[in-house]
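Okay, so here's the structure we're looking at.
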Amino acid sequence: MHTKWMKLCGMLAVVLFLTPLLAVAQPRPREARPDSRSDRDNRSDRSRGEIHVVNDWRDAVSLSMWSDNRERIGEWTIRPGENVVLQEQGERIRVRPNYKVKVGEDWGWVDVGEVAQFQNGVWQVSVRNVWQATHRDRPEGSDARRGEVSPRDQAPPRGEDSALGEILKRIQ
C-alpha cells in the first residue's frame with residue numbers, strides 16, 4: 001500500500017509541476033501595439049494597398065520605395081503625365097502608410113501616408129505632393145537641380161522687375 005501512495009503522490013507532484021508550464025505555453029491572441037497617434041492614424045497604419053503614382057511634374061522622374069525597416073522595394077522611372085501602378089517583378093506592390101517614398105536624387109524621403117490618399121484599398125500619390133512635402137523646410141522657389149519651380153511661383157511676376165514691366169518701360 002505504501003508503494004501505491006508513493007506512485008500516486010509522485011504522479012500528483014508531476015502534474016502539479018507541469019500544469020503551470022502548460023498554461024504559460026498556450027498561444028495568446030496578438031494585442032494591438034499602443035500608439036500615441038490618433039485613431040485616424042491608427043486605422044491608416046493598418047491600411048495596406050496598391051500604390052498609384054501620377055507624375056504631374058514636367059520632367060520624367062525616378063521614384064524609389066522603401067519599407068518601414070529600410071528595405072528597398074524598388075525603383076521606377078515615370079514619364080510626365082503618366083499614371084502608373086507600381087509593380088515589382090510583374091506583381092503590384094502593396095504598401096503601408098509608414099513606407100518611405102523618394103523622388104529623384106536631391107529630394108528627401110517622406111512617408112506614403114503623409115502625401116497620399118487611401119481610397120478603396122489603393123494609395124493615390126502625385127509627384128507634386130511628394131515635392132511639396134520634401135521641400136517644406138527649404139527656401140521658397142526652385143529646385144536647383146532642374147530649375148523647377150513650385151506651383152505658387154508659376155504665377156506671372158508683378159511689379160517693376162517683371163517682363164511685362166520691362167516691355168512697358170521700353171514702350172514709354
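Here are the numbers for the structure shown:
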{"quantity": "Answer from 159, 165 - the residue that is at pLDDT below 90, assigned to a loop (DSSP other than H, G, I, E, B) and more than 24 Å from residue 60 (Cα to Cα)", "calculated": "159"}
{"quantity": "Long-range neighbours under 6 Å by Cβ, at least six apart or interchain, first residue free of Cβ contacts under 8 Å to residues at least 24 places away in the same chain within the range 73-98, second open to solvent by 50 Å² or more (accessible area, probe 1.4 Å)", "calculated": "74/88"}
{"quantity": "Residue list for the range 53-85, filter: farther than 15 Å from residue 131 by Cα, among the polar types (S, T, N, Q) and surrounded by 13 or more Cβ atoms within 10 Å (Cβ to Cβ)", "calculated": "67"}
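The values are calculated or read from the model by the stated rules, or taken from the named source; none is laboratory data. These numbers come from a predicted model, not from an experiment. Here Cβ is always computed from backbone atoms with ideal geometry, including for glycine, and neighbour counts include all displayed protein chains. Note: accessible area is taken over every heavy atom of the protein model, side chains too, but ligands, DNA and RNA are not part of it. Shrake-Rupley method; radii C 1.70, N 1.55, O 1.52, S 1.80 Å.
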